[in-house]
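The values are calculated or read from the model by the stated rules, or taken from the named source; none is laboratory data. Nothing here was measured: the structure is a model prediction, and the numbers come from that model. Here the Cβ is made from the backbone with ideal geometry for all residues, glycine too, and neighbour counts use every protein chain on show. Areas reflect the complete protein model, heavy atoms only, side chains present, ligands, DNA and RNA absent. Shrake-Rupley method; radii C 1.70, N 1.55, O 1.52, S 1.80 Å.
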Amino acid sequence: MRIDVLTIFPEYFDALKISLIGKASSSGLLEFGIHDLRDFTHDRHKTVDDTPYGGGAGMVMRPEPWGEALDKLAVQDTVVVFPSPAGQLFTQGIASELASSRHILLCCGRYEGIDERVVEHAKSRWTVRVLSLGDYVLNGGEVAALAMIEAVSRLVPGVIGNEQSLIEESHADGLLEYPSFTKPSEWRGLSVPEILLSGDHAAIAAWRKQQQIERTRLIRPDLID
Ligand code: 6GU
């Protein structure tokens, strides 16, 4: 899979050199291209923003650099992603869908956002998704894009060593994960649940499922039908 990013802060994406995603990138399983939007401007000051039509606070990203960048970076089967607090909620299901794409292009807006015509134009030429991490506001799309890249990359076969961990973790089955414990069996007066020491695999599986259901009902009732 290839993932390109358009941003005015390319340094944010240095984090992609670390850990499992860094290794998958070195081995060629994932290919990243991080591009500075200012390279698609033509004025001396590399201007990417301007005042909003209709007035109001803040600045809006001008459409021209985005248009030129998309023309250069997007191809026939690109999925163009705009991280935005006004987008559809980014879920594990959407991460799975994106993980089967050949090419994703993440467009990171700053300021009050990108001129809306950029999204409209992109929709006329490519598959577009406007995606939000949740109901809070970040300063720009970069941190959201990093979260989306990590959630999608780790679903690409071979990126995570242990494929079983993909099946067992939170959200894979629509429930929160069960609690985990390791040695020592007693720590600061707290003991590991007895059942986990029993060696009874069927009983352990049933206990874990029960824990998942209880936790989800308590912490995230919205996830239960
Ligand atoms: Cl995708 N972008 C920004 N700027 N803020 C957010 C977000 C995205 N998701 C939640 N808050």
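Details
- Test set (1) part of a loop (DSSP other than H, G, I, E, B); (2) open to solvent by 40 Å² or more (accessible area, probe 1.4 Å); (3) of a type in the set (Gly, Ala, Ser) - Gly174 fails condition number: (2)
- Selected residue (only one of Val48, Val79 is over 29 Å from Pro157 (Cα atoms), within 16 Å of the ligand (Cβ to nearest atom) and at pLDDT 95 or above): Val48
- Qualifying residue in region 94-111 (condition: within 11 Å of the ligand (Cβ to nearest atom) and at pLDDT below 95): yes
- Close Cβ contacts (under 7 Å, 6 or more residues apart or on different chains) running from residues in region 71-85 that are open to solvent by 70 Å² or more (accessible area, probe 1.4 Å) to residues that are part of a loop (DSSP other than H, G, I, E, B) and within 16 Å of the ligand (Cβ to nearest atom) comprise Pro85/Val137.
- Residue in region 115-129 that is under 22 Å from Val48 (Cβ atoms) and within 9 Å of the ligand (Cβ to nearest atom) present: no
- Per-region count, region 54-63, residues surrounded by fewer than 16 Cβ atoms within 10 Å (Cβ to Cβ) and either without any contact (Cβ under 8 Å) to a residue 12 or more places away in the chain or part of a strand (DSSP E or B) (or both): 2
- Residues of region 10-32 that are in contact (Cβ under 8 Å) with a residue 40 or more places away in the chain and open to solvent by less than 40 Å² (accessible area, probe 1.4 Å): Phe13, Leu16, Ile21, Ala24, Leu30.
- Matching option when the condition is out of contact with any His (no Cβ under 9 Å at 6 or more places or on another chain), over 30 Å from Arg62 (Cα atoms) and touching a residue at least 24 places away in the same chain (Cβ under 8 Å), among Val128, Val159: Val159
- Residue within region 28-43 that is among the hydrophobic types (A, V, I, L, M, F, W, C) and closer than 19 Å to Leu138 by Cβ present: yes
- Failed criterion for Glu112 (all others in (1) under 29 Å from Gly161 (Cα atoms); (2) touching a residue at least 40 places away in the same chain (Cβ under 8 Å); (3) touching a strand residue (DSSP E or B) at 6+ places or on another chain (Cβ under 7 Å); (4) open to solvent by 60 Å² or more (accessible area, probe 1.4 Å) hold): (1)
- Residues of region 116-168 classified as in a loop (DSSP other than H, G, I, E, B) and open to solvent by 30 Å² or more (accessible area, probe 1.4 Å), total: 13
- Positions within region 81-99 being over 16 Å from Met1 (Cα atoms) and assigned to a strand (DSSP E or B), in sequence order: Phe82, Pro83, Ser84, Pro85, Ala86, Gly87, Gln88, Leu89
- Subset of region 133-149 that is within 10 Å of the chain's Cα centre (by Cα) and either among the β-branched types (Val, Ile, Thr) or at pLDDT below 95 (or both) - its residue that is nearest to the ligand (Cβ to nearest atom): Val143
- Considering (1) basic (Lys, Arg); (2) part of a loop (DSSP other than H, G, I, E, B); (3) in contact (Cβ under 8 Å) with a residue 12 or more places away in the chain, the lone condition that Lys183 does not fulfil carries the number (3).
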